[in-house]
Amino acid sequence: MIKITLITLGKLKEKYLRDAVDEYAKRLSRYCKLDVVELTPINLSEKPSQSEIDSALLKEAEMIEKRIPDGSVVTALCVEGKANTSEQFAAFLDKNTNSGKNMCFIIGSSYGLSSQIKQRSDFKLSLSEMTFPHQLFRVMLLEQIYRGFKINEGSTYHK
């Protein structure tokens with residue numbers, strides 16, 4: 001069974017979001033071993049300068065790099081990433097999981113990811129051009145991963 005690692009900055013504060021993550025983790029257990037790694041983001045001042053943000057992103061990148069499993073296909077979630085339809089994302093999952101590759105998805109802090117992590121990634125993905133609450137994004141990604149597996153098995157989940 002392949003392993004999917006989700007590295008994310010920050011903990012989920014709301015119980016309903018933690019419950020949703022738990023539900024998708026349970027559903028995904030049929031298809032993969034899911035490992036959610038929550039890292040603590042670097043604290044910034046209320047109105048940080050760009051240099052303060054850049055410094056924090058570099059420190060976060062160091063933490064992230066240490067947690068990326070060796071040999072994983074690494075996907076950075078970022079605004080400049082490629083947007084996919086659910087079917088295209090399912091094909092991406094299928095291509096990698098059928099070849100036995102483990103996958104790692106990285107969600108940065110509210111200021112995103114450092115260019116170091118983006119360059120390190122095999123793929124850059126955007127779920128939408130819209131802005132979503134940072135806390136909700138993890139649930140959305142896990143739902144799309146689950147949807148991808150369901151599409152690939154020919155389920156009616158994806159209509």
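Read-outs throughout are calculated quantities, based only on the coordinates presented, and are distinct from any laboratory measurement. Because the structure is a prediction, the values reported are computed rather than measured. Cβ sites come from the backbone with ideal geometry, for glycine too, and all protein chains shown count toward neighbours.
In segment 1-73, what trypsin sites (Lys or Arg not before Pro) fall in a loop by DSSP, with at most 13 other Cβ atoms inside 10 Å? In loop regions of segment 1-73 (DSSP not H, G, I, E or B), the sparsely surrounded trypsin sites (Lys or Arg not before Pro) are LYS11, LYS13, ARG30. For the chain, the longest piece that avoids every one of the GluC sites (Glu not before Pro) found in DSSP loops with at most 16 other C-beta atoms within 10 Å covers 47-128. For the chain, the relative contact order comes to 32 percent (Cα pairs under 8 Å, sequence separation of at least 6). A cut-off under 12 angstrom between Cβ atoms defines the neighbours of HIS134, and their net charge, with Lys, Arg +1 and Asp, Glu -1, is +2.
Scalar couplings 3J(HN,Hα) for segment 94-109, obtained by applying the Karplus form with A = 6.51, B = -1.76, C = 1.60 to θ = phi - 60°, are 4, 4, 7, 6, 5, 8, x, 7, 6, 10, 9, 10, 10, 10, x, 6 Hz; x denotes Gly and Pro. How far is helix 50-67 tilted, in degrees, relative to the longest principal axis of the Cα atoms in the chain, given as a value from 0 to 90 rounded to the nearest 10? Once rounded, the angle reads 40 degrees. Counting charges near SER114 (Lys, Arg +1; Asp, Glu -1) among other residues having Cβ under 12 Å from its Cβ returns a value of -1.
With the dipole of segment 1-113 worked out from charges on the C-beta (+1 for Lys and Arg, -1 for Asp and Glu) around the Cα centre, which of GLN50, ILE2, ILE64 lies farthest toward the positive end? Toward the positive end, the furthest listed residue is ILE2. Taking a point 7 Å out from the Cα of LYS95 in the direction of its Cβ, the residues of segment 114-140 whose backbone N falls within less than 20 Å of it are 118-128. Compute the helix-to-body angle for 15-28: its Cα long axis versus the longest principal axis of the chain, expressed 0 to 90° and rounded to tens. Roughly 40 degrees, rounded to the nearest 10.
Which entries in the list LYS118/LYS159; LYS11/LYS66; LYS11/LYS33; LYS47/LYS82 go over 25 Å, if you measure between the two C-alpha atoms of each? Going by Cα-Cα distance, LYS118/LYS159; LYS47/LYS82 fall outside the 25 Å limit. A cut-off under 12 angstrom between Cβ atoms defines the neighbours of LEU28, and their net charge, with Lys, Arg +1 and Asp, Glu -1, is +3. Relative to the longest principal axis of the Cα atoms of the chain, the long axis of helix 134-152 lies at roughly 20 degrees.
Taking segment 45-89 and a reference point 7 angstrom along Cα→Cβ of LEU17, no backbone N atom is nearer than 12 Å.
Computed FRET efficiency, Cβ-Cβ of GLN135 and GLU62, R0 30 Å: what is it to the nearest 0.05? Taking R0 as 30 Å, the efficiency between GLN135 and GLU62 is 0.80. Around the amide H of ILE68, modelled in the peptide plane, lies no amide H under 5 Å away from a residue 5 or more places distant or on another chain.
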